[in-house]
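Encoded as structure tokens, the structure appears first; notes follow it.
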Amino acid sequence: MAESLVTIATFNEPTEAHILKGRLEAEGILCFLGDEHIIGAYPLYAMAVGGIKLKVTENDVDEAKTILRRIWQGNTLFDYDTLDEMAPPEPEPAAAEAVLCPRCGSDQTKEKPYFLQAFFGPKYECRSCLHRWKP
């Protein structure tokens, strides 16, 4: 026998509804949004249709309400200390090779940004002798 859906929350903003729907789905709760498309297309109809309805199955009502209550109270019991353990290690950035000045041989150079750099390539300036060049 098919389970019936129960509305546990209503929203005027589609973004908030999708965020909380995603959180419930991450907790393993099957949920649906009702009237999301009409409010997305006609936001002023939100009050007329009763908002976007977050619906869950009858068996998951209590658990879903508990999760939403914790979120709205600001107590999600999310362990921020494990974020570093879950993320893949970041690769070490490659060391940039120093560009040497063709006039004095100094490595104290900097790239000079300019408007058409994407088309014509970089320009450099030596901080020692103030020579400017294009490679």
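The values are calculated or read from the model by the stated rules, or taken from the named source; none is laboratory data. Note that the coordinates shown come from a computational prediction; the quantities given were computed from them, not determined experimentally. Glycine also receives a Cβ, built like all others from the backbone with ideal geometry; neighbour counts cover every protein chain displayed.
Please find, within the range 31-42, the residue that is surrounded by the most Cβ atoms within 10 Å (Cβ to Cβ) out of those that are of a type outside the set (A, V, I, L, M) and within 29 Å of residue 3 (Cβ to Cβ).
Per the criteria, the residue is 31.
Within the range 76-89, identify whether any single residue is at pLDDT below 90, under 30 Å from residue 3 (Cα atoms) and of a type outside the set (D, E, K, R), and answer yes or no.
yes
Within the range 43-60, can one find any residue that is farther than 30 Å from residue 3 by Cα and at pLDDT below 90?
yes
Go through (1) part of a helix (DSSP H, G or I); (2) touching a residue at least 24 places away in the same chain (Cβ under 8 Å) for residue 22 and report which single condition fails.
Single failed check for residue 22: (2).
Filter the range 112-126 down to residues that are in contact with a strand residue (DSSP E or B) (Cβ under 8 Å, 6 or more places away or on another chain) and surrounded by fewer than 12 Cβ atoms within 10 Å (Cβ to Cβ), then give me how many there are.
The number of residues fulfilling the criteria is 1.
State which residue pairs qualify: first residue of a type in the set (A, V, I, L, M, F, W, C) and inside the range 108-135, second residue loosely packed, with under 14 Cβ neighbours inside 10 Å and outside any loop (DSSP other than H, G, I, E, B) in any location, beta carbons under 8 Å apart, and separation of 6 or more residues or different chains.
Qualifying pairs under 8 Å: 126/132.
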